[in-house]
Amino acid sequence: MPKSSLNKDEVKAMLLLVADRIIAAEPMLSEADRNLGDGDHGLGMERGMNAVKEKLAPGVESVEKAFSATGMAMMSSMGGASGAIFGTLWRNGGKALAGRESFDAQGLADLIKAGLEGVMARGGAKPGDKTMIDALHPAMLKAQEVAGQPLNEALTAVAAAAEAGREASKAMIATMGRAKTLGEQSIGHPDAGACSVVVIFDAMRDYVCA
Ligand SMILES: [Mg+2]
């Protein structure tokens, strides 16, 4: 049954699906990072998501805490740039939902906006630098546009926007992040972090559309 909004326990279940999908995508994410970086992204994300599963297992206090606990678990378990960046995305995004009883399309828009702002402040990259922001920024713009729709429809549109952003990152020359020293040699491959963003939004979409 498609879901137009989620309660805190459903948010937890959605995040557990995100964790399982990232863990299953480890070979693809590792390969993506090997093409442009040091190859550690997939294993780092897998480690982070195993920590998330452990952290969420006892239950979540609120919508806010489900997301922010996810971010904290990633930050404390992963290390490295990806831990800080993806951890900030969820932690700052979660904080934007303080006091909300449910997670709907407006919440999605607020989560992504606050998460993206945190990531940009932390990492210093901007759209076009060939980083995870090139999937997250178009997702943010789409989420604002569809904030009045049911969550299942909003996430369908947002996941498609993230995917289009990841595809567009292939043609970019890296000026920040894992591949910045490769220059023009970075053309042709998507950024590994952008690949993770797509796995995350695909999982969220599949949870709310199932
Ligand atoms: Mg790496």
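No lab work stands behind these numbers, since they all come straight from the coordinates. Keep in mind the model is a prediction, meaning the values are calculated, not measured. Cβ: placed from backbone, ideal geometry, glycine included. Neighbour counts: every protein chain shown.
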> Among LEU111, LEU36, LEU141, whose mean-square fluctuation peaks in a Gaussian network model of the chain (Cα, cutoff 10 Å)?
Replying inline: LEU141
> In sequence order, what are the phi-derived ³J(HN,Hα) couplings for segment 138-149 according to the Karplus relation 6.51 cos²θ - 1.76 cosθ + 1.60 with θ = phi - 60°, rounded to whole Hz, with x for glycine and proline?
Replying inline: x, 5, 5, 4, 5, 4, 5, 5, 10, 5, x, 8
>> What is the sum of charges, Lys and Arg at +1 and Asp and Glu at -1, for the other residues whose Cβ falls under 15 Å from the Cβ of LYS180?
In response: -3
> Extension gain THR175-ALA57, at 0.36 nm per residue separation less the Cα-Cα distance, in nm?
Replying inline: 38.6 nm
>> Net charge around ARG100, counting only other residues with Cβ within less than 12 Å of its Cβ (Lys, Arg = +1; Asp, Glu = -1)?
In response: -1
> Within the chain, what's the longest stretch lacking GluC sites (Glu not before Pro) that sit in DSSP loops with no more than 13 other Cβ atoms inside 10 Å?
Replying inline: 102-210
> So what's the net charge close to PRO2: Lys and Arg +1, Asp and Glu -1, counting the other residues with Cβ under 12 Å from its Cβ?
Replying inline: 0
> Which of these, ALA125, ALA194, ALA154, has the largest mean-square fluctuation under a Gaussian network model of the chain (Cα springs below 10 Å)?
Replying inline: ALA125
> Taking a ≥ b ≥ c as the square roots of the eigenvalues of the Cα gyration tensor of segment 29-153, is the shape rounded (a/c under 1.5), prolate (a/b larger than b/c) or oblate?
Replying inline: oblate
> GNM, the chain, Cα, under 10 Å: largest mean-square fluctuation among MET120, MET74, MET49?
Replying inline: MET120
>> If the reach is capped at under 24 angstrom between alpha carbons, list the lysines near LYS65, excluding any in the same chain fewer than eight residues apart.
In response: LYS3, LYS8, LYS12, LYS53, LYS55, LYS95, LYS113
> Using alpha-carbon pairs under 8 Å, 6+ residues apart, how would you state the relative contact order of the chain in percent?
Replying inline: 25
> Calculated from DSSP H runs of 4 or more alone, at -39500 (n - 2.57) each and per residue, what is the 222 nm mean residue ellipticity of the chain, nearest 500?
Replying inline: -23000 deg cm²/dmol
